[in-house]
1. Here is a check on your reading of the model: is residue 214 over 30 Å from residue 165 (Cα atoms) and loosely packed, with under 12 Cβ neighbours inside 10 Å?
2. So, residue 244, is that one of a type in the set (Val, Ile, Thr), part of a helix (DSSP H, G or I) and in contact (Cβ under 8 Å) with a residue 24 or more places away in the chain or not?
3. Evaluate the following for residue 270: is it touching an Asp or Glu at 6+ places or on another chain (Cβ under 6 Å) and either of a type in the set (Gly, Ala, Ser) or in the same structural domain as residue 147 (by the TED database) (or both)?
4. Which residues, taken from the stretch 449-472, are in a loop (DSSP other than H, G, I, E, B) and farther than 21 Å from residue 526 by Cα?
5. When you go through (1) surrounded by 15 or more Cβ atoms within 10 Å (Cβ to Cβ); (2) not basic (Lys, Arg); (3) not assigned by the TED database to the domain that holds residue 545 one by one for residue 378, which number turns out not to apply?
6. Just for helices (runs of 4 or more DSSP H) wholly inside the stretch 106-214: which have at least 3 residues that are among the aromatic types (Phe, Trp, Tyr) and over 22 Å from the mean Cα position of the chain (by Cα)?
7. For the stretch 1-53, name all the residues that are touching a residue at least 40 places away in the same chain (Cβ under 8 Å) and touching a His at 6+ places or on another chain (Cβ under 9 Å).
8. What single numbered condition from (1) surrounded by fewer than 17 Cβ atoms within 10 Å (Cβ to Cβ); (2) under 30 Å from residue 282 (Cα atoms); (3) in contact with a Ser or Thr (Cβ under 8 Å, 6 or more places away or on another chain) fails to hold for residue 196?
Amino acid sequence: MFSLLKYAAAYRKQLILGPFFKLLEAVFELLLPLCMAKLIDKGINQHNSHELIKYATLMLFMSVIGLGCVLICQYYAAVASQGFGTELRKHLMQKINQLSHSELDKLGTATLVTRMTSDINQLQLALAMFIRLVIRAPFLSIGSIIMAFYIDRQSAFVFLFILPVFSFILYTVMRKTVPLYKNVQQNIDSLNDDVDENLTGVRVIRAFAKTNSRETQFKTINQQVADAYIKVADWSSTLNPLTTLIMNTAVVFLLYFGGISVNSGRLLQGDVLALINYMTQMLLALIVVSNLVIIFTRAAASNQRVKEILDIKPIIETDNTNINHAPWTNPIIVDFSHVSFKYDTNGGYALNDITFSLPKGDTLGITGPTGSGKSTLINLIPKAYLVTHGQITVNGLPVNDYATGVLRSHIGIAPQTSQLFSGTIRSNLQMGLPEADDSTCLKALHIAQCDDFISQLPDGLDTIIEADGTNFSGGQKQRLTIARAVISQPDLVILDDSLSALDYKTDLALRQAIKQHLKTSSLIIISQRMSSIEHADQILVLNQGQEDGCGTHDELMKSSATYQQLVQSQAESANEGGQ
């Protein structure tokens, strides 16, 4: 946990003053039993109202001061722990945003969410407990023994006898529960993974009528989490009754020996009550110490998980200064030269020896069977992944020489999966161009052929979009995604199978609008619908990661068997649909 304390640097005052005020409160708490003893012995037993009022007032004063110290410490602990968590989440999110797609693929969404939420919450709790209890609990434990020796050395040996017995019980319980907590965290990760799968794939699960089997799987994992917690609870639950037993046993011993000492005149009644109070303070403080050990053990595991992300050195640097800020004016916008790529160094090639060029203002169609590497190819252009072999040149510069932010500001992408974010239509469009005014937004919507349904929305650009755009149809989501991609009039527009939910008429109108309004922009269209790409300036055909052909529609009908099969299969499907 201490390796991440640098994110709490802005809260040094709280980290220092919080424990200090808690220590003051602990001092007053140790003095209270002594005052109580004096109140009983000098005030009540001797019927001395002056002494009674004096010590009662002193106890009240110390209690009020102690309460004030506690409130100040609690406030500082809350400020420091929440500020620490906020700062840590900010840096963790910044790091996640810097990671390449390959690094995000390896980590997975579920574990990132867990580390961003529950792991950081665990670290916040640990820091709060550090401020509030790390000094107080040991101080009370040791201080209670010292005060017991101050009152009566013989009775204090009961403390020395009880202390190792209780410490052994604490050690045994902690030795059993700490490894179990690690198992609990692993089971929670598995549960989060399963929940994420079920929620993201709910439509597929229902389509294949697999709801029952997925529920069974979830119940199994859920039961594993419950069983892991039960194992922890089985051991943890023994602590309180054993503590009560030891505490009451110690009280019996103190009362017995204290009674003998009172009868012999060696101790007063107030001293016996003070010893009982100190015994209670010591045992309760030891329980707090055991809980702190468990909290810090879990925090150490969370610390490692969060630090693992923060320590990742991104494969793709985002602060490269070797960039060109000039507009893209090179006659060749994108050039692939013998490009090969694999997702895993030990796996096979997803793309192998791809070569093509896209002139400025031209349209490139990319097609091929499912899994042929079409989306992989276009993800290499904005540096979502780095090529394994070969070179990609963008506007005359190697793609690796661009800072990712500068490179991507020239590219508008409508991804294969239409992704809208909760907010409004305006806020979603302004993700593509933050300074876009209403006229710019409406123009982008017009290019994307959104006029027909936007005009029917009473709130227009202020229409609320729910998370993931669930209140819009598939075709509407695709068109809004395309509008976001073209709003900045980028030098390169990439439509990754973003026309699949559109009818042929809307598809054609949208492509014509892009060519009309973005005349100098180059366009890449990935599609298995031949009508979407057959009029492109050139068409790249992929098959199993290999380049099967590159040319115009007429050229490929003569030279590419894969392209011929795709055209023929769609023609047959159209004929069957017309019968």
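1. no
2. Judged against the criteria, residue 244 is not a match.
3. In short, yes.
4. Passing the criteria: 455, 456, 457, 458, 459, 463, 466, 470, 471, 472.
5. (3)
6. 136-151, 153-200
7. Selection gives 7 alone.
8. (2)
The values are calculated or read from the model by the stated rules, or taken from the named source; none is laboratory data. Because the structure is a prediction, the values reported are computed rather than measured. All Cβ positions, glycine included, derive from the backbone under ideal geometry; neighbour counts span all protein chains shown.
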